[in-house]
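Okay, so here's the structure we're looking at.
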Amino acid sequence: MLFKQQALLRQKLFVLGSLAIGSLLYLVARVGSLDRLQPVCPIESRLPPHDLPDQIHLRTLQFKRGLLHELRKGNATKEQIRLHNLVQQLPRAIIIGVRKGGTRALLEMLNLHPAVVKASQEIHFFDNDQNYARGIDWYREKMPFSFPHQITIEKSPAYFITEEVPERIFKMNSSIKLLIIVREPTTRAVSDYTQVLEGKERKNKTYHKFEKLAIDANTCEVNTKYKAVRTSIYTKHLERWLKYFPVEQFHIVDGDRLITDPLPELQLVERFLNLPSRISQYNLYFNATRGFYCLRFNIVFNKCLAGSKGRIHPEVDPSVLAKLRKFFHPFNQKFYQITGRTFNWP
């Protein structure tokens, strides 16, 4: 009986010993495999870098559509502002023009980028003497709240054609990045006229036909005193800006292409602003009813531009359009030469 009990005990000890040795061998093998993997895939490489300014944290994305929205409505508290390290920053980039070139579309599309925060309204600080007299602190207070690593951008298309603006912006920030969005000059002039015409019609007022405004009745030549024509002479305005800023600080956006194929244009702007590439085709979808691309921020939040975008232009005498295109041609060639960007304009 005693012999059987001893044999059974030896058998149990053998099994337990085998299990212990097996477990030990497994652990040794496992540690060895981890050691071999360590140089290939260190733990640090699987964690997001915390010291890079282009890393956009999840909470930034949340607050960009949440807390920052509340701040614009005036609902956020000073404690929330302090807690999340939110600031009102002067713009590091400005869309300075051109009117009816697509400035609003460009601003809204750039706002898709998590590192960009837009000023919702046109501030008109540099082109308005009364606003400018209020000082730079007043201007800063008009800027949206943002995180320190984000870039604030505003747009006021009147900046491009107003004589005092280049010097005023230079005094604020001589290294600021400047965005100019242009369309084919004749098309832009007609679009400019169309917007004014619509405003007159809403007030039940009459307005001259485009042909009468664009062509001088006495000389039968293009009327350069007409603002819509004068604005489309891009090179004349740009030359004034180049007295203060080098051409490298300007980026020219193709407004016509932004309508038909926006992503490549936005990627060029990302590169110009030294932003990591974040805007993708997912963020842009074509609205066949509107005839424009709409914006998709995430799975629940979409946005289309205002209904005023894409107004139908009135019929214009083809001979007047031809005269305008011929008039703009030499200015366009000079614009291509200065900026280094060529467009398929007539």
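Against the definition (in contact with a helix residue (DSSP H, G or I) (Cβ under 6 Å, 6 or more places away or on another chain) and either crowded, with 16+ Cβ neighbours inside 10 Å or not acidic (D, E) (or both)), how does I259 come out, yes or no? No: the conditions fail for I259. Residues in region 223-235 that are open to solvent by 50 Å² or more (accessible area, probe 1.4 Å), assigned to a loop (DSSP other than H, G, I, E, B) and not polar (S, T, N, Q): 1 in all. If you go through region 98-120 and keep only what is on the phi < 0 side of the Ramachandran plot and assigned to a loop (DSSP other than H, G, I, E, B), you end up with V98, R99, G101, N111, L112, H113, P114, A115, A119, S120.
Filtered by the rule that a residue be within 30 Å of E167 (Cα to Cα), in a helix (DSSP H, G or I) and more than 14 Å from the chain's Cα centre (by Cα), region 236-290 gives K236, H237, L238, E239, R240, W241, V247, E248, Q249, D256. Working only within region 278-308, note down all residues that are of a type in the set (D, E, K, R) and out of contact with any Asp or Glu (no Cβ under 9 Å at 6 or more places or on another chain). R290, R296, listed by residue number. Among the candidates I95, I123, the residue that is outside any loop (DSSP other than H, G, I, E, B) and either open to solvent by less than 30 Å² (accessible area, probe 1.4 Å) or not small (G, A, S) (or both) is uniquely I95. Among the residues making up region 293-346, none is at pLDDT below 90 and in contact with a Pro (Cβ under 8 Å, 6 or more places away or on another chain). Within this structure, T235 fails the test of being among the hydroxyl-bearing types (S, T, Y) and without any contact (Cβ under 8 Å) to a residue 60 or more places away in the chain. Taking the criterion of being in contact (Cβ under 8 Å) with a residue 60 or more places away in the chain, out of contact with any Leu (no Cβ under 7 Å at 6 or more places or on another chain) and open to solvent by less than 80 Å² (accessible area, probe 1.4 Å), the residues of region 274-295 that qualify are L275, P276. For region 144-170, filtering for residues that are among the β-branched types (V, I, T) and either without any contact (Cβ under 8 Å) to a residue 60 or more places away in the chain or within 10 Å of V117 (Cβ to Cβ) (or both) leaves 4. The listed residues are F335, F301, and the only one of them that is open to solvent by less than 30 Å² (accessible area, probe 1.4 Å) and in contact with a helix residue (DSSP H, G or I) (Cβ under 9 Å, 6 or more places away or on another chain) turns out to be F335. Being surrounded by 14 or more Cβ atoms within 10 Å (Cβ to Cβ), in a loop (DSSP other than H, G, I, E, B) and touching a helix residue (DSSP H, G or I) at 6+ places or on another chain (Cβ under 7 Å) is a property that does not hold for Y132.
The values are calculated or read from the model by the stated rules, or taken from the named source; none is laboratory data. Bear in mind the structure is a predicted one, so any value in this text is a computation, not a measurement. All Cβ positions, even for glycine, are placed from backbone atoms using ideal geometry, and neighbour counts span all protein chains on display. Surface areas here come from the heavy atoms of the whole protein model, side chains and all, with no ligands, DNA or RNA. Shrake-Rupley method; radii C 1.70, N 1.55, O 1.52, S 1.80 Å.
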